[in-house]
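A.B. asks: Before we start, here is the structure in question, set down as structure tokens.
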Amino acid sequence: MLTDEQLYTLHSLNATRWSCRVDNYVTLIKVLSAIKAMLELIVDDDLYDLETPANALSLLKCTDFQFCLVLCIMAFILSEAHVVSKYECRRCIRGSGQTNLNPRQSSGSPT
């Protein structure tokens, strides 16, 4: 089973935060082998109703090479987008005090 060092958290998704998506992809990559092991236990165990092992088996079949490849690629892309997003956000915050964001307003005369 999972040790204390292996405990990770999936964050709820927020439409405006890249970090939630990036963190969830990274967490899923880190715990995927434990998830697959647990699904295999559910498939082989008699303690569940008939639907639960069938659902677990369906999920196991979905975690093939293509799934893992897409998971890693998406984690990479989202981490790069997160870095750019943080940079742009900081640049906008720093620049907001120096730059007039409304081109119709000028500091001199009204238009």
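The values are calculated or read from the model by the stated rules, or taken from the named source; none is laboratory data. These numbers were taken from a predicted model, which means no experiment stands behind them. A quick note on method: Cβ atoms are made from the backbone with ideal geometry, for glycine too, and the neighbour counts reach across all protein chains shown.
A.B. asks: Restricting attention to segment 58-85, and to residues there that are charged (D, E, K, R) and more than 14 Å from the chain's Cα centre (by Cα), which single residue is nearest to Tyr25 (Cα to Cα)?
C.D. replies: Asp64
A.B. asks: Is there a residue in segment 16-35 that is farther than 19 Å from Phe76 by Cβ, at pLDDT below 90, in contact with a helix residue (DSSP H, G or I) (Cβ under 6 Å, 6 or more places away or on another chain) and not in a helix (DSSP H, G or I)?
C.D. replies: Within segment 16-35, none of the residues are farther than 19 Å from Phe76 by Cβ, at pLDDT below 90, in contact with a helix residue (DSSP H, G or I) (Cβ under 6 Å, 6 or more places away or on another chain) and not in a helix (DSSP H, G or I).
A.B. asks: Next question. Hey, can you tell me all the residues within segment 42-57 that are without any contact (Cβ under 8 Å) to a residue 12 or more places away in the chain and surrounded by 11 or more Cβ atoms within 10 Å (Cβ to Cβ)?
C.D. replies: Once the filter is applied, which keeps residues that are without any contact (Cβ under 8 Å) to a residue 12 or more places away in the chain and surrounded by 11 or more Cβ atoms within 10 Å (Cβ to Cβ), segment 42-57 yields Asp45, Tyr48, Thr52, Pro53, Ala54, Asn55.
A.B. asks: Quick one: is Gly108 among the small types (Gly, Ala, Ser), on the phi < 0 side of the Ramachandran plot and at pLDDT below 60?
C.D. replies: Judged against the criteria, Gly108 is a match.
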